[in-house]
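**Student:** Below you'll find the structure I mean.
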Amino acid sequence: MTPNMRAILLFALVFGLIILSGFERSWNVALGIVNMGLISAIMALGVNMQWGYAGLFNIGVMGFVALGGLAAVLVGMPPVAEAWAAGGLGLLAGLALGAATIAAAIMTWKRMAKGRTRALAVAAILVVGFFVFRAVFDPAVGAVEAVNPAATGYLGGLGLPILVAWPVGGLLAAGAAWAIGKTALGLRSDYLAIATLGIAEIIIAVLKNEDWLGRGVKNVIGLPRPVPYEVDLQNSDAFVARMSAWGIDPVAASSITVKLAYAGLFVVVLAILLWLSQKALNSPWGRMMRAIRDNEVAAEAMGKDVTRRHLQIFILGSAVCGIAGAMMTTLDGQLTPGTYQPLRFTFLVWVMVIVGGSGNNFGAVLGGFLVWYLWVEVEPRGRELMEFVTSGMADGSWLKAHLLASAAHMRLFIMGLILVLVLRFSPRGLIPEG
Amino acid sequence: MDLLNALVALTNFVIIPATAYGAQLALGALGVTLIYGILRFSNFAHGDTMAFGAMVTILATWWLQGMGVSLGPLPTALLALPIGIVVTALLLLGTDRVIYSFYREQKAKPVVLVIVSMGVMFMMNGLVRFIIGPDDQRFDDGARFIINARDFREMTGLDEGLVFRTSQGLTIVTAVIVCALLFWFLNHTRTGKSMRAYSDNEDLALLSGINPERVVAITWIIVAALATVAGVLYGLDKTFKPFTYFQLLLPIFASAIVGGLGSPLGAIVGGFVIAFSEVTVTYAWKKVITYLWPGDWAPDGLVQLLSTDYKFAVSFVILVIVLLFRPTGIFKGKAV
């Protein structure tokens, strides 16, 4: 069997499974899996760039995804004029002061001669800068958050079409990746891993606590949508007439139409990114990346600037994750910082990349769909299994109740099991690197 | 100005909690650093190993409590601890046999083992949630306080109360005992010396007839003991919730790296560095400053440098600073 045939068969298998769940449950569920599968595939593409092409160990995917989600709010929501008047300028001034402090500290560090004076000067700049920053920033935050806290209490966004947020999400993530990469790349792989893990936690902490930015744990709901609302479709005579003519219930049809519209948008993004990734991977640049991954010393001897190339691909991969994050928040229609969990948004994406086949873009996409399908499917299957196992037990026994209640946690175990099995028996993944 | 009250407030809110937390981090970081030294990879499943050990101990504690066993003023969990250690050691040895040993024989790159440990992390996390559920569990009993605020005030006549909880005292004492035992073992027993030799230079150690599988097995057993003790102490001091243990991974790794990966002494120092910085940076200094300031002035705000929600940021920043200026950590660690 040629590698291409194998890939096509595997894709057919996964879509067959999803279609099967459509017949068995509902098309709504199946389309839901497809939509999140598309987003997962894009995240996996991003991680695959970093890990598969270049061997960078990034376990801060969640942070970049969340930044993409923030972009959806900052771009899509209407601005809150009152909040801007209350403290917008103060906030911007505070942030500018903070950035200036860090810049001044770095400049001083670079310009001054090595020694105790330099260390003291940098420390003094940082300490003074921090207190000035807090003095300007804190009152502004208070003012902004006091504006109608139940409904807004934040600055709002730019009020632009939400589709603009997708590239902006990529840019935000890229900016964060640049800052992290500048400091942490060039360190050993485990150190980079811990650094990215930390930065992801910090980004989530910022999203949870900086209410002026994205309302924190109060969540931003009702993001504008790039597709029509179900209710509008149901109220549209033309839509109802057509669906009735086809013999479909208009209410069910409306939600399926909306999901299909999202799927269409996501497919376009995935297709563009996949095409670009393939082009990049098969270009001299892609071969150089793999050369660096396989033997850094040799690549360096050939005159390749390893640290710069690493920074480049780290930024690109993170940007792709940011785009996926913005898309996901758009699909959800809300930003809920409390729901970002590393197991779900970082490590699950890693399972996708490893299972699909690291270094192969199609492998990453396949992994995205397959693992997401399993993630969704394992829960009801686990419950069925538990119901079967416990069917012989007496009703009301504590063991039965416990087993049934705990079935939902099976899926973490299953994901780990899949990862370990793939690493053991097929370490190059389902569609190995060509 | 009131130096004594300021000192008491400082001890109460900074020194005691930070020492207890530092001891917990140090025990966790010791496990990470030992695995790194002997098995040569960063074990991401360590947080969940701690959760597993704590979980087994909790179940054993409940069983003991159900039988009416108690240690008087001390928590029953201490009696259950050996059970937790044994079960965790069996689990880790089993994981090693079934999963890790294959990659050791293959001489796989360390990063592959890290990814494998991610899979193990998922499985352990799932297992713990499956058995005990994702919610908070309380299992402390016995006397809650060694010193409570009112007694302290009556005893000393100061305005400020000092609270010293049993769990904090227990944490510190246990950590000291465990560390002393560990260092005695590593420095004075034949097995411990062979472990250090294996960690320093694998080839030379093999040449001199050290059995690698034995060294690895003993490492896992020690790691199981450290992780269980750390997990139980953390659970007694704060609360047991599987997800918090996963989140402890960051400060624990920060401690191990700051101290120098592979260096046991570094792990202990790193744990306290991280814990003290976290607590001092997120503590609201208003009270202490008010006591110390001559005259009747009090600061307007809380004088809190960072809100407690950003405590991860502290361990992270220290980690980055140490990595930038001293990439192998305070005590020279090793690099795979």
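**Student:** Spot the failing condition for B:PHE246; the list is (1) of a type in the set (A, V, I, L, M, F, W, C); (2) out of contact with any helix residue (DSSP H, G or I) (no Cβ under 6 Å at 6 or more places or on another chain); (3) modelled with pLDDT of 80 or more, and only one is missed.
**Tutor:** That leaves (2) as the condition not met.
**Student:** Where in the range A:286-363 are there helices (runs of 4 or more DSSP H), lying wholly inside it, with at least 2 residues that are within 14 Å of chain B (Cβ to nearest Cβ) and in contact with a Gly (Cβ under 9 Å, 6 or more places away or on another chain)? Let's see the steps before the verdict.
**Tutor:** On the way: elements: A:296-301, A:306-332, A:348-356.
By residue number, A:348-356.
**Student:** Let me ask something else about it. Out of all the residues in the range A:222-243, is one or more under 30 Å from B:LEU302 (Cβ atoms) and surrounded by fewer than 20 Cβ atoms within 10 Å (Cβ to Cβ)? Outline the logic, then answer.
**Tutor:** Filtering the range A:222-243 for residues under 30 Å from B:LEU302 (Cβ atoms) gives none.
Within the range A:222-243, not a single residue is under 30 Å from B:LEU302 (Cβ atoms) and surrounded by fewer than 20 Cβ atoms within 10 Å (Cβ to Cβ).
**Student:** Still on this model: Can you find a residue in the range B:238-249 that is in contact (Cβ under 8 Å) with a residue 24 or more places away in the chain, over 30 Å from B:GLY301 (Cβ atoms) and more than 14 Å from every other protein chain (Cβ to nearest Cβ)?
**Tutor:** The answer is yes, given that some residue of the range B:238-249 is in contact (Cβ under 8 Å) with a residue 24 or more places away in the chain, over 30 Å from B:GLY301 (Cβ atoms) and more than 14 Å from every other protein chain (Cβ to nearest Cβ).
**Student:** Out of all the residues in the range A:112-159, which are assigned to a helix (DSSP H, G or I), of a type in the set (Gly, Ala, Ser) and closer than 30 Å to A:PRO224 by Cβ? Show your work before the answer.
**Tutor:** In the first step, residues of the range A:112-159 are kept if they are assigned to a helix (DSSP H, G or I); the result is A:116-146.
Retained after the next criterion (residues that are of a type in the set (Gly, Ala, Ser)): A:119, A:121, A:123-124, A:129, A:135, A:140, A:142-143, A:146.
A:ALA140, A:GLY142, A:ALA143, A:ALA146, listed by residue number.
**Student:** OK, next. Does B:VAL317 satisfy the criteria of being within 10 Å of another protein chain (Cβ to nearest Cβ), within 30 Å of A:ALA184 (Cα to Cα) and surrounded by fewer than 20 Cβ atoms within 10 Å (Cβ to Cβ)?
**Tutor:** Details: within 10 Å of another protein chain (Cβ to nearest Cβ): yes; within 30 Å of A:ALA184 (Cα to Cα): yes; surrounded by fewer than 20 Cβ atoms within 10 Å (Cβ to Cβ): yes.
For B:VAL317, the condition - within 10 Å of another protein chain (Cβ to nearest Cβ), within 30 Å of A:ALA184 (Cα to Cα) and surrounded by fewer than 20 Cβ atoms within 10 Å (Cβ to Cβ) - is met.
**Student:** A follow-up question, please. If you scan the range B:1-27, which residues turn out to be of a type in the set (S, T, N, Q) and over 25 Å from the mean Cα position of the chain (by Cα)?
**Tutor:** In the first step, residues of the range B:1-27 are kept if they are of a type in the set (S, T, N, Q); the result is B:5, B:11-12, B:19, B:24.
Once the filter is applied, which keeps residues that are of a type in the set (S, T, N, Q) and over 25 Å from the mean Cα position of the chain (by Cα), the range B:1-27 yields only B:ASN5.
**Student:** Residues to consider are B:LEU181, B:LEU162; find the one that is aliphatic (A, V, I, L, M) and in contact (Cβ under 8 Å) with a residue 40 or more places away in the chain.
**Tutor:** On the way: B:LEU181 fails: in contact (Cβ under 8 Å) with a residue 40 or more places away in the chain.
Residue meeting the stated conditions: B:LEU162.
**Student:** Also, I was wondering about something else. From the list A:LEU45, A:LEU56, A:LEU67, which one is crowded, with 19+ Cβ neighbours inside 10 Å, part of a loop (DSSP other than H, G, I, E, B) and either of a type outside the set (Gly, Ala, Ser) or within 14 Å of chain B (Cβ to nearest Cβ) (or both)? Spell out the reasoning first.
**Tutor:** On the way: A:LEU45 fails: part of a loop (DSSP other than H, G, I, E, B); A:LEU67 fails: part of a loop (DSSP other than H, G, I, E, B).
Every option except A:LEU56 fails the conditions.
**Student:** Scanning the range B:266-324 for residues that are polar (S, T, N, Q) and without any contact (Cβ under 8 Å) to a residue 40 or more places away in the chain, which turns out farthest from A:PRO139 (Cα to Cα)? Steps first, please.
**Tutor:** Taking the range B:266-324 and keeping what is polar (S, T, N, Q), we get B:277, B:280, B:282, B:290, B:304, B:307-308, B:315.
Then keep just the ones that are without any contact (Cβ under 8 Å) to a residue 40 or more places away in the chain; that gives B:282, B:290, B:304, B:307-308.
Details: B:THR282: 19, B:THR290: 22, B:GLN304: 15, B:SER307: 16, B:THR308: 19 Å.
By that ranking, first place goes to B:THR290.
**Student:** Shifting gears a bit: Is there a residue in the range A:359-377 that is touching a residue at least 40 places away in the same chain (Cβ under 8 Å) and polar (S, T, N, Q)?
**Tutor:** Narrowing the range A:359-377 to residues touching a residue at least 40 places away in the same chain (Cβ under 8 Å): A:359-377.
Those still in the list that are polar (S, T, N, Q) too: A:360-361.
Yes, the range A:359-377 contains a residue that is touching a residue at least 40 places away in the same chain (Cβ under 8 Å) and polar (S, T, N, Q).
**Student:** Also: Within the range A:381-415, restricting attention to residues that are within 30 Å of A:ASN361 (Cα to Cα) and free of Cβ contacts under 8 Å to residues at least 40 places away in the same chain, which residue is farthest from the other protein chains (Cβ to nearest Cβ)?
**Tutor:** From the range A:381-415, those within 30 Å of A:ASN361 (Cα to Cα) are A:381, A:410-415; that's our starting set.
Narrowing further to those that are free of Cβ contacts under 8 Å to residues at least 40 places away in the same chain: A:381, A:410-411, A:413.
Numbers: A:ARG381: 14, A:MET410: 6, A:ARG411: 7, A:PHE413: 3 Å.
Within the range A:381-415, the match that is farthest from the other protein chains (Cβ to nearest Cβ) is A:ARG381.
A quick yes/no check of all residues on (1) more than 13 Å from A:ALA66 (Cα to Cα); (2) part of a helix (DSSP H, G or I); (3) in contact (Cβ under 8 Å) with a residue 12 or more places away in the chain:
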{"position": "A:GLY175", "(1), (2), (3)": "yes, yes, no"}
{"position": "A:TRP178", "(1), (2), (3)": "yes, yes, yes"}
{"position": "A:GLY181", "(1), (2), (3)": "yes, yes, yes"}
{"position": "A:TYR191", "(1), (2), (3)": "yes, yes, no"}
{"position": "A:ALA195", "(1), (2), (3)": "yes, yes, yes"}
{"position": "A:GLU201", "(1), (2), (3)": "no, yes, yes"}
{"position": "A:PRO226", "(1), (2), (3)": "yes, no, yes"}
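**Student:** Which of the residues belonging to the range B:209-259 are under 19 Å from B:ILE131 (Cα atoms) and surrounded by fewer than 21 Cβ atoms within 10 Å (Cβ to Cβ)?
**Tutor:** Of everything in the range B:209-259, those that are under 19 Å from B:ILE131 (Cα atoms) and surrounded by fewer than 21 Cβ atoms within 10 Å (Cβ to Cβ) turn out to be B:THR239, B:LYS241, B:PHE243, B:THR244.
**Student:** May I ask you to verify whether A:VAL251 is of a type in the set (Val, Ile, Thr) and surrounded by 15 or more Cβ atoms within 10 Å (Cβ to Cβ)? Spell out the reasoning first.
**Tutor:** Values: of a type in the set (Val, Ile, Thr): yes; surrounded by 15 or more Cβ atoms within 10 Å (Cβ to Cβ): no.
Judged against the criteria, A:VAL251 is not a match.
**Student:** With (1) buried (at least 20 other Cβ atoms within 10 Å of the Cβ); (2) in the same structural domain as A:ALA324 (by TED's automatic domain parsing) as the list, and A:GLU145 as the residue in question, which single condition is left unmet?
**Tutor:** (2)
**Student:** Provide a single number: the residues in the range B:251-279 that are modelled with pLDDT under 90 and over 26 Å from B:PHE185 (Cα atoms).
**Tutor:** Here the count works out to 0.
**Student:** Determine whether A:LEU92 is outside the structural domain of A:THR196 (by TED's automatic domain parsing) and either on the phi > 0 side of the Ramachandran plot or part of a helix (DSSP H, G or I) (or both). Reasoning before the result, please.
**Tutor:** Details: outside the structural domain of A:THR196 (by TED's automatic domain parsing): yes; either on the phi > 0 side of the Ramachandran plot or part of a helix (DSSP H, G or I) (or both): yes.
Judged against the criteria, A:LEU92 is a match.
**Student:** May I pose another question? Hey, can you tell me all the residues within the range A:230-267 that are among the acidic types (Asp, Glu) and under 36 Å from the mean Cα position of the chain (by Cα)? Quick ask: steps written out before the conclusion?
**Tutor:** Step one: of the range A:230-267, the residues among the acidic types (Asp, Glu) are A:230, A:232, A:237, A:249.
Selection gives A:GLU230, A:ASP232, A:ASP249.
**Student:** Can you pull out the residues in the range A:416-434 that are of a type outside the set (S, T, N, Q) and more than 7 Å from chain B (Cβ to nearest Cβ)?
**Tutor:** Matches in the range A:416-434: A:ILE418, A:LEU421, A:VAL422, A:PHE425, A:PRO427, A:ARG428, A:GLY429, A:LEU430, A:ILE431, A:PRO432, A:GLU433, A:GLY434.
**Student:** Suppose the filter is more than 12 Å from chain B (Cβ to nearest Cβ) and in a loop (DSSP other than H, G, I, E, B); does A:GLY367 pass it? Steps first, please.
**Tutor:** Working: more than 12 Å from chain B (Cβ to nearest Cβ): yes; in a loop (DSSP other than H, G, I, E, B): no.
So A:GLY367 does not fit the description; no.
**Student:** Give A:ILE162, A:ILE221, A:ILE204 a once-over and let me know the one that is within 25 Å of B:VAL320 (Cβ to Cβ) and of a type in the set (Val, Ile, Thr).
**Tutor:** Working: A:ILE162 fails: within 25 Å of B:VAL320 (Cβ to Cβ); A:ILE221 fails: within 25 Å of B:VAL320 (Cβ to Cβ).
Unique residue meeting the criteria: A:ILE204.
**Student:** If only one of A:THR108, A:THR101 is polar (S, T, N, Q) and either more than 20 Å from A:LEU213 (Cβ to Cβ) or in the same structural domain as A:ASN209 (by TED's automatic domain parsing) (or both), which one is it? Give the derivation first.
**Tutor:** Details: A:THR101 fails: either more than 20 Å from A:LEU213 (Cβ to Cβ) or in the same structural domain as A:ASN209 (by TED's automatic domain parsing) (or both).
Exactly one residue qualifies, and that residue is A:THR108.
The values are calculated or read from the model by the stated rules, or taken from the named source; none is laboratory data. Since this is a predicted model, take the numbers as computed values, not measurements. Backbone-built Cβ (ideal geometry, glycine too); neighbour counts: all protein chains shown.
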